[in-house]
Structures are given as structure tokens and as C-alpha cells.
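Structure record follows, encoded as C-alpha cells.
The values are calculated or read from the model by the stated rules, or taken from the named source; none is laboratory data. Not measured: the values here are computed from a predicted model. Counting neighbours? That spans all protein chains shown, and the Cβs are built from the backbone with ideal geometry, glycine included.
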Amino acid sequence: MKVLVVDDDALVSQSLVTILSVEADVEVVGVGNSGPDAVAKYDQLRPDVLLMDVQMPGGDGLTAAEQILAAHPEARIVFLTTFSDDDYIFRALKLGARGYLVKQDIAQIAPALRGVMAGVSVLEGHLLERTAKLAPGAGTGAGRSRRATVFASLTDREYEVVEAVADGLVNAEVAERLFMSEGTVRNHISAILAKLGLRNRTQLAVAWYHSGN
């Protein structure tokens, strides 16, 4: 697979090139250092996977990803960052990114890229089945289909909590929207995670975004 690496830290970029170059099935075709650089080099090199940082002084990766995906909806973009932050992850998923990895998990990078090439999404080293993205008009046919499959075991109230979490709301905001206490929200989220076999609210949001039809 052909990989384009974009990171504003030259040492990180060189380390990634070194790590990936020893893999027999990986070819690093280019290196960039900013969002605009990523857009230009993607158009020029057309890599199989773009491995990109989120925060870069010369232009952030999320904005670059939005521009690239607008022109190339099939683009495989994987974010590699030190910021394991729900807000970044939600925004990346909404844009259509195929993965979100933290830089500490160096050993997971090559396997994660192979997973992306095979058609799955990757979140912090964990492979997740990739189905259709959340379509416009949640709550219509797509919403009913989602409820009938992945979230069938949830109560109506739990499902409303899932929707709020998928919108990126923190517990206080979920409580305000659904007219319940924060303690009740926490209890619902714990019950939901247990029913679905998930570890945290980030995985819950990922399940939501990849469950639409």
C-alpha cells in the first residue's frame, strides 16, 4: 500500500517513515508538514492511505481531511495524534475518516493501516466493522434500521442517550436535553456499554456512526 505521512514534527515524520518502511507491503510515497501540504500532496501522489496529525500550526488535519474527502470521497484518512480527545474523534468520524490512532501505540500503526485497506475502521488500535456512514436524516429509515439491529437491546430512554452521546454531548448536556440528572445519565451509559459489550462512550459513538444503512 502507498502511504502519505503528514506531521508538523519532522522527528515524528522520520520515525514513521522508518517504522513503515520495514514493512514489506508498505511504501511511503511522500511526507508533508501541514494541512495545506496534505491536500496538495494527496492530489499529486494519490496514496492508498493518508496518515496525518490533527493539530499542525500550518493548517490542521481536520480541515485538510474535509477538503480532501470533498474532492475524493473514497480517500482513506487515518489520524495519528497525541490528542485522544472525544471531540476530535467525533469530528473525524463525521468527516469520514477511517481511523484514529494515538502516537504512543507505534506497534499498532502498520496493522491498523492494513485493517483500513481491508475495509474496516480503526479506533486507538481496535478494529471496528465499517458499514455505511450515518446518513442525513437520522431518525428516518436509517435511524429505524439502526435501532432494529445494533441497538435492539436498548430501552427507548437508553437509545435517546446514545443519540445524544453520538451528537458529541457531555453528560451535563445529555442531562439537560433529556431532562434527567447527570447521575442518571452516567447510569444509563454504564448500562448501555454493558449491554453492547463496549468499553467507553467513544466506542459507543463509533458504533452509532457505523451502524446507519
- Query: If you take the residues in segment 185-212 that are small (Gly, Ala, Ser) and free of Cβ contacts under 8 Å to residues at least 40 places away in the same chain, which one is surrounded by the most Cβ atoms within 10 Å (Cβ to Cβ)?
  - Reply: ALA191
- Query: With (1) in contact (Cβ under 8 Å) with a residue 40 or more places away in the chain; (2) of a type in the set (Gly, Ala, Ser); (3) in contact with an Asp or Glu (Cβ under 6 Å, 6 or more places away or on another chain) as the list, and GLY35 as the residue in question, which single condition is left unmet?
  - Reply: (1)
- Quick check: is even one residue across segment 166-177 charged (D, E, K, R), at pLDDT below 90 and within 16 Å of the chain's Cα centre (by Cα)? yes
- Please specify each residue of segment 167-201 satisfying the condition of being part of a helix (DSSP H, G or I) and either in contact with a Phe, Trp or Tyr (Cβ under 8 Å, 6 or more places away or on another chain) or assigned by TED's automatic domain parsing to the domain that holds ALA92 (or both). LEU196
- Task: May I ask you to say which residue of GLY58, GLY96 is on the phi > 0 side of the Ramachandran plot and either in contact with a helix residue (DSSP H, G or I) (Cβ under 8 Å, 6 or more places away or on another chain) or hydroxyl-bearing (Ser, Thr, Tyr) (or both)?
- Result: GLY96
- Message: Among the listed residues VAL5, VAL49, VAL78, VAL39, identify the single one that is within 28 Å of VAL165 (Cβ to Cβ) and buried (at least 19 other Cβ atoms within 10 Å of the Cβ).
- Response: VAL78
- Query: Got at least one residue in segment 70-81 being without any contact (Cβ under 8 Å) to a residue 40 or more places away in the chain, in a helix (DSSP H, G or I) and either touching a Lys or Arg at 6+ places or on another chain (Cβ under 7 Å) or not aromatic (Phe, Trp, Tyr) (or both)?
  - Reply: yes
